[in-house]
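Heads up: the structure comes next, in structure tokens.
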Amino acid sequence: MLAKTQAMQMAKQQWVRSGRKPEEFNPRGMFTGRELSHISLSNERKTLNKLISVCLGALVKYPQSLKDDQAILDQDDKDHKLSVNERNIIELRSGEKDVLNYMIEMSEKCLTLIEEGISVKDARNRSSLIDDANV
């Protein structure tokens, strides 16, 4: 997902640099690899912000929060009122929310590293960032 978002952002930048209007950008069928420029910090910021935006947009479409789902599952552990299918749906839904929240959290951590100007080597040594994310 991140690689696709990066590629889309780079292609759009190339589109605009060539003098075309951003609103006319349509990436379908246009990727050949030759059209993509190198990745820059600016592009990384835009990609991470886009990823956060997409994940937040997906999260708000769920009628219940992750906390609500967990409460339903906890209650079902006690009273067993949900059918197997109902429970599986809630577990799947909460798993999707976990992934979206993880992507947001990691993108925010990456943005922090970029803004602080930390090298890749130093970032790898900052185990607290990885430990905090439960990786």
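Bear in mind these aren't lab numbers, they're just calculated from the coordinates by the rules spelled out. No experiment lies behind these values; they were computed from the predicted model shown. Methodologically, a virtual Cβ is constructed for each residue, glycine included, from the backbone with ideal geometry; neighbour enumeration extends over all protein chains shown.
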Checklist entry - Under a plain spin-label model, where a point goes 7 Å from the Cα along Cα-to-Cβ, how far apart in nm are residue 112 and residue 45? => result 1.8
Next on the checklist: Need one number for segment 40-132: average projected area of the convex hull over its C-alpha atoms, nm².
Outcome noted: 7.5
Checklist entry - Where in segment 65-81 is the amide nitrogen less than 15 Å from a point lying 7 Å along the Cα-to-Cβ axis of residue 93? => result 65-76
Item to check | Ratio of the Cα radius of gyration of segment 54-107 to 2.2 N^0.38 Å, where N counts its residues | outcome: 1.22
Next on the checklist: Per residue of segment 49-64, what does 6.51 cos²θ - 1.76 cosθ + 1.60 with θ = phi - 60° give for ³J(HN,Hα)? Whole Hz please, x for Gly and Pro, Karplus curve as stated.
Outcome noted: 5, 5, 4, 4, 4, 5, 5, 4, x, 6, 5, 6, 7, 7, x, 10
Item to check | Per-residue HN-Hα couplings for segment 84-93 [Karplus 6.51, -1.76, 1.60; θ = phi - 60°; Hz; x = Gly/Pro] | outcome: 4, 5, 4, 5, 4, 5, 5, 5, 5, 4
Checklist entry - If each residue's Cβ is checked for other Cβ atoms within 10 Å, how do 40, 107 rank with the fewest at the top? => result 40, 107
